[in-house]
Amino acid sequence: MFQQLSQRISDVFRSFTGTDKITDAMLQQGAVSLRNALRDADVAESVTDQLLQQFNEKALNQAVVSGAKASDVLVKLFHDNLIEVLGKDDDFSLKLSKKPAIIMLVGLQGAGKTTFAARLAKQLKKDHSSKCLLTSLDVYRPAAMDQLATLAQQADVDCFPATPDQTPDSIAKNAMERAKSESYDVLILDTAGRMHVNDDMMAECRQLQQVCKPCEILFVIDSMTGQDAANNAKAFNDQLALTGAVLTKTDGDSRGGAALSVRQVTGKPIKYMTTGEHLDDLDNFQPERIASQILGMGDIVSLVKQFENKVDQEKTKKMAKKLLKSGDFDFNDLAAQLEQMASLGGMKGILSKLPNLGGQLPMEMLEKKLDSASFDHIAVMIRSMTPQERAFPTLVMNVKSRQKRIMSGSGRSQKEFKAMLKQFQRMQKMAAKFKGKNMMNMMGKMSDLFGGQR
């Protein structure tokens with residue numbers, strides 16, 4: 001998310017040079033490009049107007065100190081303005097003091113409410129040791145009830161059973177009784193959605209709000225919704241006492257406008273964002289990090305969190321000990337490294353969270369240079385090897401018949417196979433240098449292990 005917007009905003013600001021203060025002429029020069037960039041990112045027109053007005057008021061006649069660039073000053077001002085728009089002083093915490101604390105999820109069909117319900121319960125259990133109960137109020141889609149039950153099992157939390165012949169409010173009342181009697185800390189209600197905002201859905205949500213008196217009503221919205229994000233957010237906010245919003249599918253090809261629009265239109269904080277396909281891919285929303293992403297400054301905090309949560313530390317330590325002791329590196333080791341990289345979203349997922357050098361290197365160029373697709377091809381070729389071949393690479397490198405079988409089994413060309421062997425041999429040589437080294441020396445060389453192909 002935000003990659004296209006980040007690139008275009010960086011291009012606008014880099015064009016300003018050679019001045020001791022920000023002038024009206026400079027702001028006017030960049031206004032059209034900034035407006036177009038925000039519009040193409042699906043930021044609502046009213047939000048764009050407000051964002052640019054605030055920015056221009058703060059930037060006009062701002063001094064450019066000696067040694068600094070006008071572009072740096074403008075980026076800093078725009079960054080601070082984005083943080084304000086995204087909710088710098090908002091309270092992003094959940095109100096969970098009441099037992100059970102009832103959290104009601106609302107939004108259109110397909111927004112990701114059901115999956116988010118399980119993600120939230122899993123996070124609350126992990127971070128706060130909360131005893132959570134989930135229940136589906138979607139009596140119109142039996143599959144939704146089954147889906148929530150399955151996800152609850154995966155998240156290792158309880159799900160209150162319901163059937164389509166019941167009414168949403170009767171299910172909610174029964175779930176509340178069980179939550180109270182069995183001392184649950186949190187009850188999460190997954191309400192029914194519709195393809196579009198309509199009176200029936202809103203009436204049902206208002207009725208549930210009256211019956212359940214939830215501590216939190218979270219509006220869940222697909223970040224790929226586009227320009228409709230502002231309209232949908234306003235519709236729900238006008239009818240319900242929303243306490244916050246949730247952005248889903250932020251790892252997709254969304255343009256990022258929903259984040260700016262939803263917060264500005266509702267005046268309510270965005271509390272969470274989902275960042276991948278797994279139940280653990282849930283982040284607390286932090287305006288500073290999002291503003292940095294929009295301006296191409298990366299999100300190192302999120303990347304570090306991913307490393308901590310997803311990289312298998314035991315496998316990493318085991319491999320490190322092996323390299324330090326023998327310097328050996330086989331196809332099993334390479335497969336393990338590719339698996340770890342895939343768990344972080346692949347090369348694209350990693351690069352998207354790194355600073356883009358002020359926009360000087362577009363993401364498309366970085367991806368092409370690193371040839372992220374080749375990693376998938378390598379994984380397929382390794383899976384086409386026998387266990388013996390993975391453990392003893394010389395069998396693959398020296399026996400032509402084995403090479404032909406692997407190419408045939410993986411569906412890769414001879415050119416791709418030779419490129420894989422060349423990369424593997426380079427990594428073998430690098431791994432051999434680790435033998436007998438101490439850990440600090442090893443860490444100093446680890447960055448070279450996955451260097452670009454030569």
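The values are calculated or read from the model by the stated rules, or taken from the named source; none is laboratory data. Note that this is a predicted model, so its numbers are computed, not measured. Using ideal geometry, Cβ is built from the backbone for each residue, glycine included, and neighbour counts are taken over all protein chains shown.
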Working only within segment 116-155, note down all residues that are within 20 Å of F236 (Cα to Cα) and part of a helix (DSSP H, G or I). F116, A117
Here is a check on your reading of the model: is M202 without any contact (Cβ under 8 Å) to a residue 40 or more places away in the chain, at negative phi and over 24 Å from the mean Cα position of the chain (by Cα)? yes
Go through segment 91-115 and count every residue that is within 17 Å of A152 (Cβ to Cβ), part of a loop (DSSP other than H, G, I, E, B) and among the hydrophobic types (A, V, I, L, M, F, W, C). 0
Does at least one position in segment 106-113 carry a residue that is over 23 Å from the mean Cα position of the chain (by Cα) and at pLDDT below 95? no
Restrict the check to segment 211-228 and report whether at least one residue is assigned to a helix (DSSP H, G or I), out of contact with any helix residue (DSSP H, G or I) (no Cβ under 7 Å at 6 or more places or on another chain) and closer than 24 Å to I83 by Cα. yes
From the set of residues in segment 114-140 that are under 19 Å from the mean Cα position of the chain (by Cα) and β-branched (V, I, T), which is nearest to I188 (Cα to Cα)? T114
Which ones in segment 400-418 are over 32 Å from the mean Cα position of the chain (by Cα) and either within 17 Å of Q337 (Cα to Cα) or surrounded by 13 or more Cβ atoms within 10 Å (Cβ to Cβ) (or both)? R402, Q403, R405, I406, M407, G409, F417
If we keep only residues of segment 58-99 that are hydroxyl-bearing (S, T, Y) and within 27 Å of D24 (Cβ to Cβ), then the residue surrounded by the fewest Cβ atoms within 10 Å (Cβ to Cβ) is S66
Sort through V75, V47, V43 and tell me the only one that's under 19 Å from F16 (Cα atoms), of a type in the set (A, V, I, L, M, F, W, C) and not assigned by TED's automatic domain parsing to the domain that holds G226. V75
Filter segment 95-132 for residues that are touching a helix residue (DSSP H, G or I) at 6+ places or on another chain (Cβ under 8 Å), among the hydrophobic types (A, V, I, L, M, F, W, C) and over 18 Å from P168 (Cβ atoms) and give the result. L96, A118, A121, C132
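Residue-wise test of (1) on the phi > 0 side of the Ramachandran plot; (2) touching a residue at least 12 places away in the same chain (Cβ under 8 Å); (3) touching a Leu at 6+ places or on another chain (Cβ under 7 Å); (4) of a type in the set (D, E).
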residue	(1), (2), (3), (4)
L82	no, yes, no, no
G87	yes, yes, no, no
K98	no, yes, no, no
Q109	no, yes, no, no
T115	no, yes, yes, no
R119	no, yes, yes, no
S129	yes, no, no, no
V139	no, yes, no, no
A144	no, yes, no, no
Out of Q53, Q7, I need the residue that is under 29 Å from G267 (Cα atoms), at pLDDT 85 or above and of a type outside the set (A, V, I, L, M, F, W, C). Which one? Q53
Hey, among D49, D80, D72, D42, which residue is assigned to a loop (DSSP other than H, G, I, E, B) and either under 30 Å from S129 (Cβ atoms) or of a type in the set (D, E, K, R) (or both)? D42
